[in-house]
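Comments concern the structure below.
Bear in mind that the values in this text are calculations on the coordinates, not laboratory data. All of these numbers come straight from a predicted model, not from anything done at the bench. Note that each Cβ is placed from the backbone with ideal geometry, even for glycine, and that neighbours are counted across all protein chains shown.
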Amino acid sequence: MKRLLHIGFISVLYKAVCLLCLVLLCWMPGYSQDNPQNSHVDGQENSPYDFRESLYLQTDRDLYVVGEQVWMKVYKLDALHKKPDDFSKVVYIELLNQAGYPVNQLKLHIPDKSGSAGLTLSDTLSSGNYLLRAYTSWMKNYPAGDFAFRTISVINPFRNMERIGVSGSVPDGEDGDTCHTGQTDSGLILELISDSGMYGAREGIRMNIRATDSIGNPVEADLSVSVSRSCLYNDHRANIMDQVHSPGKEEHALPPQHVPELEYLPELEGVVLSGTILNSMSDKPLANEEIILSLVGKAARCQVYRTKEKGNFYFNLDDSGVQELVIQPADSAVSNYFVELEPDFHSGYDHPLPGPFYLDTSRLRALNQSIINMQVENIYKPYRQTNRAGSPEISEIDFYGEPEYNIQISDYILLKNIREVIKEIVPMVSVRVKDGRSTLWVENGVDGTHFENKPLILVDGVPFDDVDQILNISMAELERIEVIHLRYFLDGHMFEGIIHFVTKEGKMAGLEFDHAIFRQAYAAFSEISSFRSPEYSSDSVKNSPLADFRNTLYWNPALRTGEDGKTSFEFYTSDMTGEYTLIVEGISPDGKSCFIQKKLIVQ
Amino acid sequence: MKYPGILLLVLFSLSIRAQQDEQTALQELYQDILHPSDVLMNGREYNNYFQPRLSSPLIPKDQLPSASVLIRGKQYQNVMLLYDTYKDLLVYYNLNTLYNNMLTVVIVNSNIVDEFTLQLPSGPTRFRYLTFPENQEGLLSSGFYEIVSEGVCKFIIDHTALKKTQDGRVVYQNITVRYIINSGTVYRIKGKKSLLEALSDAAPEVNEYLKRKNIYVKTAEKEQLKGVLDYYTDLKHL
């Protein structure tokens, strides 16, 4: 008996050692490089082309009225394992009409594995179906069929609606029973616990959620919740399970037979601003030329890039809102050039476009009420809620950090002009005039000698070397002068001192370049609005005469269950009675998806 | 198939590994294209303000390209980095490129450095820029600190220099000060008393451990103190 036990132990030990060896083999350096599947691009090891990512796009509902916002959540996934991933940091979202033209575009900074945004539906849109598509820059290297899509329907009651078809009553998949537990084929179970399914107007509702795997272990899931009028959902609403585990999508996600030429870089920090710089006389690229990107504003935010063989350049931008950018060669003697920027958004659409929109006649009454609700909401919302844009603050830090000297003009007596200010107040800087042109020079802060080369002169963050124009800026317009009296290296380029003139407006005080320059407004990250809804926690607010006719009662794109798999959320009903649908869906860290819905009646 | 579970595990392990390699390759490709220039060449020129032959606030004393630095998630190996302990600056000696026929020495922008490792006589020493609120009542100001241990509490060492005058000459004396950050509070570790104060929620056990291991805190090596903190972390996880 002892011998049998011993043999059994050796057998188990043998299997364990074999298993360990195999797993170690997989993780040994070089194994995956030797795998031909991973080196199919010219024998290149670990070809970056093999990495694929995908997105899942989710909206708060399916049907909208113009003037409303589409609330969205984007999940970023590793396409191979369908697991949440935070590789690309920028996600592009477009709303395409039936002709495939974008009618609205967003550029979102999503540093985490998921993010959210709101997109306003302009009242210029016609009624019909629209396609929302989402992608990353890296995904643009592959067929657009691999992007994430979602069709939404838009009603514009203020424009001709004759083109809209009508359909008969579609059998409702839900019979009004509350659904308290949702499970997916991937094994993630959501349990929704609430006290009842019937509520009064302006009543608080608290829901508890528990996420577990198929054997009951708690799961930390990344969820979203939407509660909207039931008539604004399609009967067969596409949910997260359809897209994350769609067989069609998985076919698309396979590596292509022919690896495409790398055209788009992934965006691992901010938006990659790319383009080419060419000689305007010969149309030849300005290769191996140092060019400077600068943004017009009170802070100096410059980047230097040495162009590639074909005149290509790449800059990283992580600002939000519209910025005015200037691109110019570092050598001011180079003047005959023009810059072409690559478009950020994908131009083609090799994927199906949304079909015609049919109104479900059985819902006409409810939809008509939703249209009225939208109009009432748009009247009362400004008085009721403070739904402000939550855009990240623009970085106001100069690339050179703290200057050695910061001369605030208001700290001194008003002098006649900038020439006098430099002479009397600004240390380590002097003006010289040669051949009728003025130049500025900086003394080396180490030994007090003058640098041999001209300093970098900035006006409101932009390199500008026409010193005579700078000296003519009105004293009333100038705010401060900053001086760096040391050599400064920026992306490998050396400047012998820096002088930065900052105006009160921060708009370059109307200075004109003496040669053509690339200066263009550029929208980096879109400003993100967040969903706000009223709270009727006190009687005074509850009895407020301000009408509340929200079509979407609640939208929370950032709900997460804790280590115990539990979380909860609260919201308030509006003045509008009727049936509402609550939907919770999301993904676990290992890529399991879940979806659950529940009907709520407000009486 | 006799062991389908093993095969599945192997395949899963393989695919995860491959995907990680691809991500790394893609990150490197991105860095090479977006930041092709010497990424350390960002900052002001560094100028010696001391007499190197007399005394230097720079560490390590052996000026060799043996340091490594992590910038925006990318590791750069075998670079010549020195740490100015008096001015709290990371200094980069660019041995590859001459500007105006001069060897360039640059103060690396602290905001792009994730961390750097210097080869000190005590072994590889990892530094990171730690930010502390300016108006805090604590002991520390923002700057580079050696990171010794990051368990339940953080054990850091401040490498600094004192400026003195000796025989009419200015000299810099390098010193180290040890700190423990526990639950957001900073404790300067001078001896056993301050250590037990920092780890007050397990003071009897830690005290017992010090006795058992014969550790005299005031003169203990940092590795010994790291062992104490590892013990403390284990206690907290029990």
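What percent do you get for the relative contact order of the stretch A:274-327 when only Cα pairs under 8 Å and 6+ apart count?
In percent, rounded to a whole number, it is 40.
Can you tell me which lysines have their Cα less than 23 Å from the Cα of B:Lys222? Leave out same-chain residues fewer than eight positions away.
B:Lys61, B:Lys154, B:Lys190, B:Lys192, B:Lys193, B:Lys211, B:Lys213, B:Lys236
Total Lys pairs in the stretch A:405-508 closer than 25 Å by alpha-carbon, pairs eight or more apart in sequence or interchain only?
Count of close lysine pairs: 9.
For the stretch B:11-155, what log10 I(q)/I(0) values come out of the Debye formula at q = 0.10, 0.16, 0.18 1/Å, with one point per alpha carbon and no solvent?
Debye output, listed in q order: -0.44, -0.99, -1.16.
Not counting the cut sites, what is the longest span of chain B without GluC sites (Glu not before Pro) that DSSP labels loop and that have at most 14 other Cβ atoms within 10 Å?
B:1-133
When only DSSP loop residues count, what GluC sites (Glu not before Pro) in the stretch A:420-479 have their Cβ near at most 12 other Cβ atoms within 10 Å?
Those satisfying the criteria are A:Glu452.
At 18 angstrom or more along the helix axis (alpha-carbon based) and mean Kyte-Doolittle of 0.0 or higher, what helices does chain B contain? Whole DSSP H runs only.
Length and hydropathy pass: B:4-34.
Can you order the peptides A:345-355, A:581-591 by their average number of other Cβ atoms within 10 Å per residue, highest first?
Going from most to least packed, we get A:581-591, A:345-355.
For the stretch B:152-160, just list the computed ³J(HN,Hα) in residue order, Karplus coefficients 6.51, -1.76 and 1.60, θ = phi - 60°, integers in Hz, with x standing in for Gly and Pro.
Those phi angles translate into 4, 10, 9, 10, 10, 10, 8, 8, 9 Hz.
If you count, for every residue in A:481-493, the Cβ atoms of partner chains within 10 Å of its Cβ, what is the mean?
Average neighbour count from other chains, rounded to a whole number: 5.
Calculate the FRET efficiency for A:Gln603 and A:Ala558 from the Cβ-Cβ distance with a Förster distance of 30 Å, rounded to the nearest 0.05. Display every interim value, and only then the final one.
Numbers: r = 30 Å, r/R0 = 1.01.
E(calc), rounded to 0.05, equals 0.50.
List every residue whose amide H lies under 5 Å from the amide H of A:Arg480, counting only residues 5 or more places away in sequence or on a different chain, with H placed 1.01 Å from N in the peptide plane.
HN-HN under 5 Å from A:Arg480: A:Ile409, A:Val502.
So who's got an amide H within less than 5 Å of the one on B:Ser56, skipping anything under 5 residues away but keeping other chains? H placed 1.01 Å off N, in plane.
Distant-sequence amide H within range of B:Ser56: B:Tyr172.
Give a residue-ordered list of calculated ³J(HN,Hα) values for the stretch A:114-124 (Karplus: 6.51 cos²θ - 1.76 cosθ + 1.60, θ = phi - 60°; whole Hz; x for Gly, Pro).
8, x, 9, 6, x, 10, 7, 8, 5, 6, 8
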